[in-house]
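The values are calculated or read from the model by the stated rules, or taken from the named source; none is laboratory data. Please read all numbers here as calculations on a predicted model, not as lab measurements. Because the Cβ atoms are built from the backbone with ideal geometry, glycine has one as well, and the counts that use them run over all protein chains shown.
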Amino acid sequence: MTLERTIANAFALDDETWRRHANPWSVALRNTALPLLVLALWSRLWLGWYALVLLAVAFLWIWYNPRIFPEPATFDRWASKAVFGERIWLNRDRISVPAHHQRVPNILSAISGIGMLFVFWGVLVFDAWPTLFGMALVYAGKLWFLDRMAWLWEDMKDNPAYSGLVRHSDRE
């Protein structure tokens, strides 16, 4: 099982939730998750243990975001394609992806992971520069990763295994 599928299972993302998450508003607003987490963790300086309330709100937002938006009217937007590409990527141990998609997503995930190390350090020691630098790395890696996922979707959307992900009217 891939790490990505394990995370998706932890968030209880079923087919309907994935389609709702393919709404471009869901994808765009998902980018607020990291700043909310950083703010919640940083607020321990001012709020002490009450910062856990903000942390809980941030985690609730992360869980709730893919569920609050309706399915988009069409799945032909970049954000929708990126979400469906992520579905394909998390399933790559069952259905292989083309060779030109096998390495770069891992590199981009590593860039995001390195960025998170800077974020963790910056938040731990209350230093804005490593926090902001880390966030920039996280977003650069993640947004580029999403772009690769949109490309992956375009390359694999006609695979019969993925025919049920979107409505047929959106596949033409």
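Things worth noting here:
- When restricted to residues that are at pLDDT 95 or above and either touching an Asp or Glu at 6+ places or on another chain (Cβ under 9 Å) or over 17 Å from residue 141 (Cα atoms) (or both), segment 73-85 contains 7.
- Against the test of being crowded, with 18+ Cβ neighbours inside 10 Å, on the phi < 0 side of the Ramachandran plot and not aromatic (Phe, Trp, Tyr), the options 108, 117, 132 yield a single qualifying residue, 108.
- Residue list for segment 158-167, restricted to those being surrounded by fewer than 17 Cβ atoms within 10 Å (Cβ to Cβ), part of a helix (DSSP H, G or I) and touching a residue at least 60 places away in the same chain (Cβ under 8 Å): 161
- Within segment 1-28, restricting attention to residues that are polar (S, T, N, Q) and surrounded by 13 or more Cβ atoms within 10 Å (Cβ to Cβ), the residue that is nearest to residue 93 (Cα to Cα) is 2.
- Condition met for residue 155 (assigned to a loop (DSSP other than H, G, I, E, B) and either touching a Pro at 6+ places or on another chain (Cβ under 8 Å) or over 17 Å from residue 23 (Cβ atoms) (or both)): no
- Pair list, Cβ under 8 Å, 6 or more apart: segment 45-57 residue without any contact (Cβ under 8 Å) to a residue 40 or more places away in the chain and surrounded by 13 or more Cβ atoms within 10 Å (Cβ to Cβ), other residue charged (D, E, K, R) and not in a helix (DSSP H, G or I): none
- Taking residues in segment 4-21 that are under 14 Å from residue 84 (Cβ atoms), and partners anywhere that are among the aliphatic types (A, V, I, L, M), the pairs with Cβ atoms closer than 7 Å and at least 6 places apart or on different chains are 4/90; 8/90; 18/83; 21/83.
- Some residue of segment 91-106 being assigned to a helix (DSSP H, G or I) and under 19 Å from residue 7 (Cα atoms): yes
- Scanning segment 70-90 for residues that are within 19 Å of residue 144 (Cα to Cα) and assigned to a loop (DSSP other than H, G, I, E, B) turns up 76, 77.
- Any chance residue 18 is closer than 24 Å to residue 147 by Cβ, modelled with pLDDT under 95 and assigned to a helix (DSSP H, G or I): yes
- Filtered residues of segment 1-22 (kept if among the hydroxyl-bearing types (Ser, Thr, Tyr) and touching an Asp or Glu at 6+ places or on another chain (Cβ under 8 Å)): 2
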